[in-house]
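Structure first, then comments.
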Amino acid sequence: MNLDVLMNSYSNDPRVFKIVDKIVLPEPQHIHLSGLFGSASQFVFSAVFNHPVSSKINHLVILRDAEEAAYFHNTIENLTKALDVFYFPSSFKNKKNFQQLNNSHVMLRTEALTKLSAGGKKKVLVTYAEALFEKVVLSKSLSANIISFKQGEEIKTDELLARFVDHGFSRTDFVYEPGQFAVRGGILDIYSFGNDKPYRIELFGNEIDSIRLFDPETQLSERKLQQVNIIPNVETQFSAGEKVSLLNFLPENTVVWNEDWEFIKQLIEQQEEDLKEAISNPQRSTSEESELNEIKEITEKDFVHASVLQKQIEDDIQLNLGKEAFFHPL
């Protein structure tokens, strides 16, 4: 049996129709899906996602760890063939260090938040306990700090470079990771936190002559663009007062899927203990490169307690994928 035939059998299963009928209802629904082994949960999810009745529903999938989330994301991306399916990882390099950022992870988070903030077609976020523990920047704060460029417009270069620095970008000879920019004559390279490749802006005087996407490894241009948005580092450029739980950031028409919430909750509670220890005994980097990717000050206000997340999930339409239902049907 090939993949398309198998996917089609799930899509035409009456039980999938029942799930879809429930998640489009306006009031909260707690649905427990039992007996799902192997990749069955990904097939069920994909069948629900692709059903025409759920065409306006966004989805958040919460799994136990990064490995599970990455596997689930890759599988549903292949099954649904959708473009707006995002892996939403933790910002940090390891679980116990809440200051050292992983720039590639920050980029993935920023891209997902930017796309969600823009609205439009339905979106999917696949995440896990440690990533859910972190608050995210308010949609309005994110939108207000985007720097946009259009081909043909005029810019004030010195003011623009100063703005890049204010937004947390660092100047280098060549850009190779998010958060960097470089200037060589009439060429400005900038690596946004909202895109997986940097932009090359060619200037004719103060006018933008062309905008191209380029490969940071070869430094060769790939394709021309008419307009781009430069997104700042959402983990370092905003105060705790400008951040909310990911569940509060998501649009109202969002369904929450989770696997084994009791275990996920315990992981988040462990993160709470680790955070208290990190605040009491902060560790500073000794290398210059690490300092650029470091949050200078962390507080409990930048994170969400497990009890708060649980209450938020209880108020949503959500589906349990675990063997036991933590949230019992209403």
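The values are calculated or read from the model by the stated rules, or taken from the named source; none is laboratory data. Since this is a predicted model, take the numbers as computed values, not measurements. Glycine gets a Cβ as well: all are built from the backbone with ideal geometry, and neighbour counts include every protein chain shown.
Descriptive notes on the structure:
- Given (1) assigned to a loop (DSSP other than H, G, I, E, B); (2) touching a residue at least 60 places away in the same chain (Cβ under 8 Å), number of the condition Ile19 does not satisfy: (1)
- Among strands (runs of 3 or more DSSP E) entirely within the range 115-234, having at least 3 residues that are over 30 Å from Thr75 (Cα atoms) and not polar (S, T, N, Q) singles out 147-150, 180-184, 187-190, 199-204, 207-214.
- Qualifying positions in the range 1-37 - charged (D, E, K, R) and modelled with pLDDT under 90: Asp4, Glu27
- Yes/no for Lys96 being among the charged types (D, E, K, R), farther than 30 Å from Lys224 by Cβ and surrounded by fewer than 20 Cβ atoms within 10 Å (Cβ to Cβ): yes
- Residue within the range 113-120 that is among the hydroxyl-bearing types (Ser, Thr, Tyr), surrounded by 16 or more Cβ atoms within 10 Å (Cβ to Cβ) and either in the same structural domain as Ile76 (by TED's automatic domain parsing) or touching an Asp or Glu at 6+ places or on another chain (Cβ under 6 Å) (or both) present: yes
- Check on Arg109, among the charged types (D, E, K, R) and farther than 27 Å from Ile57 by Cβ: no
- Filtering the range 124-136 to residues that are within 11 Å of the chain's Cα centre (by Cα) and among the hydrophobic types (A, V, I, L, M, F, W, C) leaves Val124, Leu125, Val126, Ala131, Leu132, Val136.
- Scope the range 223-243; condition farther than 13 Å from Phe303 by Cα, modelled with pLDDT under 90 and among the charged types (D, E, K, R); matching residues: Arg223
- Every residue from the range 235-256 that is of a type in the set (Ser, Thr, Tyr) and either surrounded by 14 or more Cβ atoms within 10 Å (Cβ to Cβ) or not in a loop (DSSP other than H, G, I, E, B) (or both): Thr236, Ser245, Thr254
- Check on Glu235, of a type in the set (Asp, Glu) and under 19 Å from Leu161 (Cα atoms): no
- Selected residue (only one of Lys197, Lys123, Lys224 is in the same structural domain as Val304 (by TED's automatic domain parsing) and basic (Lys, Arg)): Lys123
Residue-by-condition table, conditions (1) modelled with pLDDT of 95 or more; (2) in contact with an Asp or Glu (Cβ under 9 Å, 6 or more places away or on another chain); (3) assigned to a helix (DSSP H, G or I); (4) β-branched (Val, Ile, Thr):
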| residue | (1), (2), (3), (4) |
| --- | --- |
| Leu267 | yes, yes, yes, no |
| Ser285 | no, yes, no, no |
| Ser290 | no, no, yes, no |
| Ile313 | no, no, yes, yes |
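- Just one of the listed residues (Gly185, Gly179, Gly119, Gly168) is at positive phi, touching a helix residue (DSSP H, G or I) at 6+ places or on another chain (Cβ under 7 Å) and at pLDDT below 90, namely Gly179.
- Strands (runs of 3 or more DSSP E) contained entirely in the range 27-101, each with at least 2 residues that are touching a residue at least 60 places away in the same chain (Cβ under 8 Å) and in the same structural domain as Gln312 (by TED's automatic domain parsing): 30-32, 58-63, 97-101
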